[in-house]
Each structure stands twice: as C-alpha cells, then as structure tokens.
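The values are calculated or read from the model by the stated rules, or taken from the named source; none is laboratory data. Source: prediction; values computed, not measured. Cβ placement follows ideal geometry from the backbone for every residue including glycine, while neighbour counts extend to all protein chains displayed.
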Amino acid sequence: MVEKKFDDLAYYEYFKIIQNTINRLASNSFLIKAWTITLIGSISILTFSILNTIIFTVLIGIVIVFWILDSYYLKMERLYRELYQDYVDKFNVLNQRNEILLFDMKTERYTNKVRLIKVIFSKIESLFYISLASGLLLLLILNIIIP
C-alpha cells in the first residue's frame, strides 16, 4: 500500500515538472512578444522623423527574428504538451503505467506532429506578426506620402 502511494507521488512530481516546463516556455513566448512590441515601438518613435527604407528593413528584420524565436518556444511548448498528454493517458490506464519513463523529458518522438513551419504560420502567430509587419509597412508608406 505504501509503495503504491510512492509511485503515484513520483508520477505526480513528474507531471508537475512537465507542467512547469510548459509554463516557462509559454512565459518566454509572451516575453518575446512584449520585447518585439517594445523594440518596434521605441525604434519607430526615436526615428520617426528619419524613417526610411534602412530603418524599415531593420524593423522588419526584428519582426522576422522575433517571429521565428517566438515560434520556436511555441513549438517546444507544444512538444511538451504532447509528452504530457501521452504520459497522462498512459497513467490513467493502469496496465500502461510501466511504459512511462519517469523524468524523461525527451520530445523527439513528437517532432512529426509539431513542425516549426506549421507553428510559424499558425493562426495566433501569423495574426500577431503579420499585423505588426503590416503596421510597419503602413507607417513607411505614410511617411513617404506625407513627409
């Protein structure tokens, strides 16, 4: 009886570790979006009077780099969600519990399900970064038309 409780406690701690990893990755994704807006806003405000194609190119470059970085963290988050769901499903079936490798954090077996290119062009990522790039393009056009 005591051994059973120990096993459940070990699984509980393992699931908690995976959840903490998912939360940390989600937090990183949020911080990247915040940094993107901060950098774009501050550079745009500081250089508004001299906004030209060079500065616009730098701003678009920032958007692209942060888009890829954010998508990478979102991909990693989704991989760990797959790992978590897989092991929770196995945990709930009593005869499959022995298939769970406790404290295994390897997500390679889920890479076919979660591709970086799919994450980059997912709805939430595309909506945020394409609207940001569109706003920059509009700002450049307005600055060219109305000097």
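List of remarks:
- Picking from residues in segment 13-42 that are among the polar types (S, T, N, Q) and over 25 Å from K106 (Cα atoms), the one that is nearest to the chain's Cα centre (by Cα) is T36.
- Only one of the listed residues (I54, I40) is assigned to a helix (DSSP H, G or I) and in contact (Cβ under 8 Å) with a residue 60 or more places away in the chain. That residue is I40.
- In segment 90-123, the residues that are at pLDDT below 90 and either loosely packed, with under 14 Cβ neighbours inside 10 Å or not in a helix (DSSP H, G or I) (or both): N92, V93, L94, N95, Q96, N98, E99, I100, L101, L102, F103, D104
- Tally, over segment 125-147, of residues that are touching a residue at least 40 places away in the same chain (Cβ under 8 Å) and within 16 Å of the chain's Cα centre (by Cα): 3
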